[in-house]
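Below is one structure; the comments refer to it alone.
The values are calculated or read from the model by the stated rules, or taken from the named source; none is laboratory data. All of these numbers come straight from a predicted model, not from anything done at the bench. Neighbour counts run over all protein chains shown; Cβ positions are idealised from the backbone, glycine included.
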Amino acid sequence: MEAALKTKTSSLKVLNLYHFFPDKLNLYGDRGNIISLVKRCEWRGIKLNVIEVSTTDGLTLDDMDMFFIGGGSDREQSLATDELQKIKGKLKQKIENGVPGLTICGGYQFLGKDYIDANGNRLETLGILDFSTVAKQPRLIGNVLIKSEKFGDIIGFENHGGRTYHSFDTLGKVEKGNGNDDESNQEGLLYRNLIGTYLHGPILPKNPTIADFLIEKAIEHRFGAQSAHDWMTALDNKLENQARNSVWQRVKNG
Ligand code: GLN
C-alpha cells in the first residue's frame, strides 16, 4: 500500500521553491533565476510551485524543496535579516538535510555570522555558516568570469561593497572580476547543496549546469536519487551555451 502510494505521489512530479522576500531582494535581474528554474522543470514535466515569502511568521518550511534569496541594498538586507532570524534554526536544519538553495550577494552575505557595513556598523546576520563580510571601498562592480571544476565556465555580473571571507568550498576561480573579495581570486560558496554567489545577471539562464544542479538536488531530497536520475532528462542548451560563450569572449578580451 505504502509503495503504491509512493509511486503515485512521485508520478505527480511537483516541487516547492520558497522565494524569500521577492519584493525586497531582487537586484539586477535576480528574479530571472526563478523563471529559469520554473522553465527547466516544466520542460521535464515537473511542476515547480513558487511560494513567495514576505513574512516568516508561522512558517514551518516542511514542504520546502529548494529556496532562493536574491540581493538587496544594506537597508533591505537589514529588514530581511530581522525576518529570517525567526526561522534560522529551521533553515539551517533544511540546509544540513541537503535542501538546495541559491543565495545571491546580499542573500549570500546573510548566511554568515555578520556584515560590517561601510560605516563600521555590525549587522548580526543568520550565523548559519561561520564566515564574515566586511564592506569596503571601492565597490566591486563589473562582469565576472569563473572557471569552476563542478559547473564549467560561469559568467555573471557583480556589484557589491562587501568582501566575504571563508574557508568553505567555492564555486570556482575568478578569471576576470573579483568574486568573494579583492584578494583570494575565488567566487562564491558551496556547502552541501547550498550555493552562495555574488553573481547577478541573472546567473541561472546563462549557466544552466547550476540550474540543473539545484533541480536535481531538490528532486533527490523529496523523491530520492532514482527519481532525480530519471526525471533529469537532457535539455538542449545550445542557445544558453552560445550566449555564455559569446559573453565570455567579449568580457575576456574587453
Ligand atoms: N549590500 C551588499 C553589498 O553592497 C549587497 C549588495 C547586493 O546584494 N548587490 O555588499
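Per-structure values
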{"item": "Unique residue being more than 21 Å from Trp248 (Cα to Cα) and either among the charged types (D, E, K, R) or at pLDDT 95 or above (or both) when the list is Glu158, Glu187, Glu183", "result": "Glu183"}
{"item": "Residue pairs meeting the criteria (Cβ under 6 Å; at least 6 apart or on separate chains; first over 16 Å from Trp248 (Cβ atoms), in segment 197-226; second more than 16 Å from the ligand (Cβ to nearest atom) and of a type in the set (Phe, Trp, Tyr))", "result": "Ile219/Trp231"}
{"item": "Pick from segment 18-46, criterion of a type in the set (A, V, I, L, M, F, W, C) and part of a loop (DSSP other than H, G, I, E, B), ranking: modelled with the lowest pLDDT", "result": "Leu27"}
{"item": "Residues within segment 105-122 that are closer than 21 Å to Asn193 by Cβ, more than 12 Å from the chain's Cα centre (by Cα) and either part of a helix (DSSP H, G or I) or near the ligand (Cβ under 9 Å from one of its atoms) (or both), tallied", "result": "0"}
{"item": "Yes/no for Asn49 being of a type in the set (S, T, N, Q), loosely packed, with under 14 Cβ neighbours inside 10 Å and touching a strand residue (DSSP E or B) at 6+ places or on another chain (Cβ under 8 Å)", "result": "yes"}
{"item": "Residue identified as within 16 Å of the ligand (Cβ to nearest atom) and either assigned to a loop (DSSP other than H, G, I, E, B) or crowded, with 16+ Cβ neighbours inside 10 Å (or both) among Leu15, Leu61, Leu102, Leu79", "result": "Leu102"}
{"item": "Residues that are touching a residue at least 40 places away in the same chain (Cβ under 8 Å), surrounded by 15 or more Cβ atoms within 10 Å (Cβ to Cβ) and not in a helix (DSSP H, G or I), drawn from segment 82-99", "result": "Val99"}
{"item": "Filtered residues of segment 129-150 (kept if surrounded by fewer than 20 Cβ atoms within 10 Å (Cβ to Cβ) and assigned to a loop (DSSP other than H, G, I, E, B))", "result": "Leu129, Asp130, Glu149, Lys150"}
{"item": "Single residue of Phe67, Phe151 found to be away from the ligand (no atom under 13 Å from the Cβ), within 13 Å of Thr197 (Cβ to Cβ), hydrophobic (A, V, I, L, M, F, W, C) and within 15 Å of the chain's Cα centre (by Cα)", "result": "Phe151"}
